[in-house]
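The structure under discussion appears below in the form of structure tokens.
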Amino acid sequence: MQAVILAAGCGSRMGDATAEIPKAFLEVNDRTLYDRQREALDGRVDGITIVLGYRCENVIGDLTATEVIVLEGWEKYENAESLRRALECIDDDVLVLNGDVVVTPSVIDRLLQRHEALNGRYNVVACLPGRQTEHTAIRCDEEGTVIDYGMVPGLRHAGVGIVSRRYRTEAIEFLARNRTEWYPHVYAELPTKRHLIPPVHHLEINRPDDLASARKRLSHRDNRRSTASTDPISKR
């Protein structure tokens with residue numbers, strides 16, 4: 001299992017906070033999102049690849065023990081192209097993580113366990129519980145198989161999932177036809193099962209208000225880093 005962090009976009013909704021760096025390298029309580037993602041992945045995957053584009057020259061020199069793919073012309077594409085480029089380089093199961101998402105190690109563990117239990121016959125996508133209608137969502141049938149993604153009533157995509165090696169070729173071909181779309185469409189195109197995760201184990205930073213909230217939530221976890229890695233990101 002390899003991990004891919006998608007971090008090529010400019011994060012325009014963050015304003016000045018991302019004027020010089022990709023969103024994955026924003027600092028939250030003196031640690032970047034990327035550093036927190038690597039901590040969650042440590043010991044759970046065989047390698048990590050990060051896809052960069054916007055302002056990559058400002059961070060690439062600080063990356064160690066990570067493979068780097070630079071998406072030239074990143075502004076012409078959506079994250080479907082970032083994932084396609086990564087899949088072309090990796091002949092393995094791939095755990096996909098959005099650059100603006102932080103999850104606890106226990107989320108990674110359970111995703112891997114779910115994928116193993118399915119014996120690679122399905123991709124697995126993490127979702128947050130509760131039906132929502134305001135943003136893009138993942139819709140599933142009664143058996144938890146993904147049947148649609150987009151502006152539909154459904155579950156919020158948690159920004160992390162697994163593309164099975166079994167469907168690597170089909171995923172590459174689909175993403176190549178949809179380079180200006182968001183990559184979660186691939187989950188509706190190929191056999192995929194949902195996996196619900198607790199919101200307390202997840203955070204996503206899309207806007208400045210999210211960054212302020214993340215600092216509050218993560219301060220508790222950072223003060224307890226000596227405790228078990230399965231602790232939630234924060235207490236509610």
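The values are calculated or read from the model by the stated rules, or taken from the named source; none is laboratory data. Source: prediction; values computed, not measured. Note: ideal-geometry Cβ built from the backbone for every residue, glycine included; neighbour counts use all protein chains shown.
Tabulated values for the structure
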read-out: Residues within region 180-203 that are out of contact with any Phe, Trp or Tyr (no Cβ under 9 Å at 6 or more places or on another chain), surrounded by fewer than 18 Cβ atoms within 10 Å (Cβ to Cβ) and closer than 23 Å to residue 13 by Cβ, tallied; value: 1
read-out: Entirely in region 91-191, the strands (runs of 3 or more DSSP E) that have 3 or more residues that are free of Cβ contacts under 8 Å to residues at least 40 places away in the same chain; value: 123-132, 154-163
read-out: Subset of region 46-87 (residues that are without any contact (Cβ under 8 Å) to a residue 24 or more places away in the chain and part of a strand (DSSP E or B)); value: 67, 68, 69, 70
read-out: Of the criteria (1) farther than 30 Å from residue 173 by Cα; (2) crowded, with 18+ Cβ neighbours inside 10 Å; (3) not hydroxyl-bearing (Ser, Thr, Tyr), which one residue 43 fails; value: (2)
read-out: Lone qualifier among 165, 156 - being of a type in the set (D, E, K, R), at negative phi, in contact with a Cys (Cβ under 9 Å, 6 or more places away or on another chain) and at pLDDT 95 or above; value: 156
read-out: Every residue from region 7-36 that is under 18 Å from residue 69 (Cβ atoms) and either free of Cβ contacts under 8 Å to residues at least 60 places away in the same chain or of a type in the set (Asp, Glu) (or both); value: 21, 25
read-out: Residue identified as aromatic (Phe, Trp, Tyr) and closer than 18 Å to residue 77 by Cα among 34, 54; value: 54
read-out: Unique match (being of a type in the set (Ser, Thr, Tyr) and closer than 22 Å to residue 163 by Cα) among 82, 12; value: 82
read-out: Evaluation of residue 137 against (1) under 29 Å from residue 214 (Cα atoms); (2) surrounded by fewer than 16 Cβ atoms within 10 Å (Cβ to Cβ) (one fails), failing number; value: (2)
read-out: Among residues of region 52-107, those that are of a type in the set (Gly, Ala, Ser), surrounded by fewer than 21 Cβ atoms within 10 Å (Cβ to Cβ) and modelled with pLDDT of 95 or more, counted; value: 2
read-out: Residue ID - modelled with the highest pLDDT, chosen from residues in region 205-226 that are part of a loop (DSSP other than H, G, I, E, B) and of a type in the set (D, E, K, R); value: 207
